[in-house]
Amino acid sequence: MKEPTCPHIRAALCQAALEGGFTRVFRRGVYATTEGPRFESVTEVENLRQRGADIVGQSMTPEVYLARALSICYAGLYVVGNFAEGVNEDWETQDYWDLCLQIARPTAQVVLNALKRLSARPECRCRSYTRALPGDWYSRCPVTRPT
């Protein structure tokens, strides 16, 4: 997918995160999506790492595809809540939930501050990525035209 997240929303989130005291903010990377709700196995994490994933999560798809299909600008704020099975020291599920409670308010504040930065009419290309099919598409495509 070409540029899955809106560059304007992404920039606003990054700036708000830095100003909000988050010290490790990444502006780009490879996000691998898995099916949830569950934690990935050691083998899954290693396989995704070998394929180039920088972060693994469960909340970017199908959202990003639905937003693109509707010509909606989309971006997300993804907070690393654990270092995955086999990547770092052992961790307990309660550690994850404790972290979620600890970062809930600061993360919400980042989103609110990012929203204040956004224009109601962004000058981005997001809407141009999804275009209506050409008028002759169905005559060239071996599918039944929807009614």
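The values are calculated or read from the model by the stated rules, or taken from the named source; none is laboratory data. Keep in mind it's a predicted model, so treat the numbers as computed, not measured. Positions of Cβ are generated from backbone atoms using ideal geometry, with glycine treated the same way; all protein chains shown enter the neighbour counts. For the accessible areas, the whole protein counts, side chains as well, though only heavy atoms, and no ligand, DNA or RNA atoms are used. Shrake-Rupley method; radii C 1.70, N 1.55, O 1.52, S 1.80 Å.
Determine the per residue accessible area of the chain with all protein chains present and a 1.4 angstrom probe, expressed in square angstrom. Intermediate results must be reported in sequence, preceding the final value.
Details: 11020 Å² over 147 residues.
Result: 75 Å² per residue.
Could you look at the chain and say what percent of its accessible area is carbon and sulfur, using a 1.4 Å probe and all protein chains? Display every interim value, and only then the final one.
Values: 5980 of 11020 Å².
With neighbouring chains kept in place, the figure for the chain is 54 percent.
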**Q.** In Å², nearest 10: area of I55 left accessible to a 1.4 Å probe
**A.** 50
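Which order do you get for M1, M60 if you rank them by accessible area with a 1.4 Å probe, largest at the top? Spell out each step's value before the answer.
Details: M1 110, M60 30 Å².
The residues order as M1, M60, largest area first.
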Q: Report Rg (one decimal) and Dmax (nearest whole number) for the chain, counting Cα atoms only, units Å.
A: 18.8, 58
Q. How far apart, in nm, are two points set 7 Å out from the Cα along the Cα-to-Cβ line at E123 and at A108?
A. 3.5
Q: Using a 1.4 Å probe and ignoring any ligands, DNA or RNA, find the accessible area of V111 and quote it in Å² to the nearest 10.
A: 60
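When the helix-only estimate is applied to the chain (DSSP H runs of n ≥ 4, each -39,500 (n - 2.57), divided by the residue count), what is the mean residue ellipticity at 222 nm, nearest 500 deg cm²/dmol?
On the way: 5 runs with 58 residues, N = 147.
That calculation yields -12000 deg cm²/dmol at 222 nm.
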Q) What FRET efficiency would be calculated for the residue pair A11, L66, taking the C-beta separation as r and a Förster radius of 22 Å, to the nearest 0.05? A) 0.50
(Q) For the stretch 53-113, report the % of Cα-Cα distances exceeding 20 Å. (A) 45
Q. Given just the C-alpha atoms of the stretch 1-77, how large is their convex hull per residue in cubic angstrom?
A. 110
(Q) With a 1.4 Å probe and all protein chains kept in place, how do L77, L13 rank by accessible area, largest first? (A) L77, L13
Q | GNM top mover of C14, C100, C73 - the chain, alpha-carbon springs below 10 Å | A | C100
(Q) Starting from 0.36 nm per residue, how many nanometres of slack lie between R49 and K2 once their C-alpha separation is accounted for? (A) 14.8 nm
